[in-house]
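Notes follow the structure.
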Amino acid sequence: MAVQFDLVSPERRLASVEATEVKIPGADGDMTAMEGHAPTITTLRPGVLSVVHSGGTDDYVVIGGFAEITASGVSVLAERALPKAEVTQEMFNGMVKEAKEAYATAQETFKNEPGPVDDAAKLMADMVAVGGHIGLTAAD
């Protein structure tokens, strides 16, 4: 059995297919949504979202956003999303640079508040991990 899967970013609709499973990089941990999954809403962390359907598996790099799992399907509204095959080393370096800049800004802005600094450090670590998952290496 399948569920309707839709992936949308501010730039475009990336996918709308009947999927048998959707692997989601949730902020609180990875999850796999399939038919019969309990209704859930989760925020996304940077990661690879995989969609298994009758034509194979499609992978997307997602950064931020939300995933909503309902009885009728899975909807992902990503802040940024690209098909994995479209992510170049140059693009990935830019994403990591943005994460490093956000970390530096958090360190400067929140001197004695570890929460925001820790969040920015996790974002940076997640971005580097995405590169390892898709075969790219963060430039120093």
Which whole-Hz couplings ³J(HN,Hα) result when phi for each residue of region 14-23 is put into the Karplus expression 6.51 cos²θ - 1.76 cosθ + 1.60, θ = phi - 60°, listed in order with x for Gly and Pro?
-> 9, 7, 8, 9, 7, 10, 8, 7, 10, 9
Pairwise Lys count, the chain - Cα closer than 22 Å, eight or more residues apart or different chains | 10
Work out the length of the dipole vector of region 87-134 about its Cα centre, built from +1 on the beta-carbon of each Lys and Arg and -1 on the beta-carbon of each Asp and Glu, and round it to the nearest 20 debye.
-> 100 debye
³J(HN,Hα) computed for each position of region 112-128 - Karplus, 6.51 cos²θ - 1.76 cosθ + 1.60, integer Hz, glycine/proline x | 10, 10, x, x, x, 5, 4, 4, 5, 5, 5, 4, 5, 5, 4, 5, 4
Amide H partners (placed H, <5 Å) of Leu14, local residues excluded | Leu7, Val8, Ser9
Between the residues Val22, Gly115, Gly36, the Cα farthest towards the positive end of the dipole of region 1-116, that dipole coming from +1 and -1 charges on the beta-carbon of Lys, Arg, Asp and Glu, is from Gly115
Along region 65-80, Karplus-curve 3J(HN,Hα) (6.51, -1.76, 1.60; θ = phi - 60°) to the nearest Hz, with x for Gly and Pro, reads x, 9, 10, 10, 10, 10, 5, 8, x, 10, 10, 10, 10, 9, 5, 9
Of the trypsin sites (Lys or Arg not before Pro) in region 6-67, which ones lie in a loop per DSSP and count no more than 10 other C-beta atoms within 10 Å?
-> Arg12
For the chain, with only Lys/Arg (+1) and Asp/Glu (-1) charged at the beta-carbon, what is the dipole magnitude about the Cα centre, in debye rounded to 20?
-> 100 debye
Please order Glu11, Glu79, Glu21 by the number of other Cβ within 10 Å, starting at the fewest.
-> Glu11, Glu79, Glu21
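We did not get these values from a lab; they are worked out from the coordinates using the rules stated. The model shown is predicted, which means the values in this text are computed figures rather than measured ones. Positions of Cβ are backbone-derived with ideal geometry, glycine not excepted, and every protein chain shown enters the neighbour counts.
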